[in-house]
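Chemist: Structure incoming, see below.
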Amino acid sequence: MSNLQFIVFELEKQQYGVKIDFVNGINKVKDFKISPIPNSTSFIEGMINLRGKIIPLYNLRKRFRFEKDGIAKNDELLIANVNDMMMGLIVDEVIDIVRFEEEDIESTNALFTTNMVNKFISSIAKKDEEMIIILDVEKILTVEEKALITPSAKVGDTKTQNI
């Protein structure tokens, strides 16, 4: 039996998780000035300067088409490394780092037909009476949307791009 670790966060009173391996940091939205990106998709909120790196911000409420999709000052940012690119995911609140046994995680393929489930949900984890939706952060963006990420957001790149 192996343990899998996830960062668990909340969006609209539902808990979600992402593998801890993808998370580079957790920050408060209120600690940054968000610069808008003109003519971008609606769920791209803008960009921030995080220790000299330009990080695009994605509003998961908008991405998931939730009714309440604005940003609150208490919202948090999960800074994630996705395919060697850094991006910020705006969430309501980071709850905890949680370990799951493999038997506590069920693939969505075993639960639903493919056309019923959103493409970026990889599985469902059970913790006590809670169900936590496990996201595949590598699939949150389409290939076209990934192309919108600036080259300066690459992991390990120390240069910033003039915008």
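The values are calculated or read from the model by the stated rules, or taken from the named source; none is laboratory data. Not measured: the values here are computed from a predicted model. Positions of Cβ are generated from backbone atoms using ideal geometry, with glycine treated the same way; all protein chains shown enter the neighbour counts.
Chemist: Please go through (1) closer than 23 Å to LYS139 by Cα; (2) among the aromatic types (Phe, Trp, Tyr); (3) over 17 Å from the mean Cα position of the chain (by Cα) for PHE32 and return the number of the only condition it doesn't satisfy.
Modeler: Unmet for PHE32, out of (1) closer than 23 Å to LYS139 by Cα; (2) among the aromatic types (Phe, Trp, Tyr); (3) over 17 Å from the mean Cα position of the chain (by Cα): (1).
Chemist: Report whether or not ASN74 is outside any loop (DSSP other than H, G, I, E, B) and either polar (S, T, N, Q) or touching a His at 6+ places or on another chain (Cβ under 8 Å) (or both).
Modeler: No, not satisfied.
Chemist: Would a scan of region 139-159 turn up a residue that is out of contact with any helix residue (DSSP H, G or I) (no Cβ under 7 Å at 6 or more places or on another chain), within 20 Å of GLN15 (Cβ to Cβ), modelled with pLDDT of 60 or more and surrounded by fewer than 19 Cβ atoms within 10 Å (Cβ to Cβ)?
Modeler: yes
Chemist: Let me ask something additional. Which of the numbered conditions does LYS33 fail, given that it passes all the others? Conditions: (1) at pLDDT 90 or above; (2) out of contact with any Pro (no Cβ under 8 Å at 6 or more places or on another chain); (3) surrounded by 13 or more Cβ atoms within 10 Å (Cβ to Cβ).
Modeler: (3)
Chemist: Scan region 69-78 and give yes if some residue there is surrounded by 12 or more Cβ atoms within 10 Å (Cβ to Cβ) and either on the phi > 0 side of the Ramachandran plot or of a type in the set (Ser, Thr, Tyr) (or both), otherwise no.
Modeler: No, because not a single residue in region 69-78 is surrounded by 12 or more Cβ atoms within 10 Å (Cβ to Cβ) and either on the phi > 0 side of the Ramachandran plot or of a type in the set (Ser, Thr, Tyr) (or both).
Chemist: Among the residues of region 41-56, write down those that are more than 21 Å from LYS119 (Cβ to Cβ) and in contact (Cβ under 8 Å) with a residue 24 or more places away in the chain.
Modeler: If the condition is that a residue be more than 21 Å from LYS119 (Cβ to Cβ) and in contact (Cβ under 8 Å) with a residue 24 or more places away in the chain, then GLU45, MET47, ILE48, ASN49, LEU50, GLY52, LYS53, ILE54, ILE55 are the ones that fit.
Chemist: Please determine, by comparing only the residues of region 21-56 that are in a helix (DSSP H, G or I) and of a type in the set (A, V, I, L, M, F, W, C), which one is farthest from ASP84 (Cα to Cα).
Modeler: VAL29
Chemist: Within region 48-70, how many residues are touching a helix residue (DSSP H, G or I) at 6+ places or on another chain (Cβ under 7 Å) and modelled with pLDDT of 90 or more?
Modeler: Going through region 48-70 one residue at a time, the tally reaches 4.
Chemist: Still on this structure: Is it the case that ASN59 is surrounded by 14 or more Cβ atoms within 10 Å (Cβ to Cβ) and of a type outside the set (Val, Ile, Thr)?
Modeler: The answer is yes for ASN59.
Chemist: Looking only at region 86-100, decide whether some residue is of a type in the set (A, V, I, L, M), more than 17 Å from GLY17 (Cα to Cα), in contact with a helix residue (DSSP H, G or I) (Cβ under 6 Å, 6 or more places away or on another chain) and at pLDDT 80 or above.
Modeler: Within region 86-100, one or more residues are of a type in the set (A, V, I, L, M), more than 17 Å from GLY17 (Cα to Cα), in contact with a helix residue (DSSP H, G or I) (Cβ under 6 Å, 6 or more places away or on another chain) and at pLDDT 80 or above.
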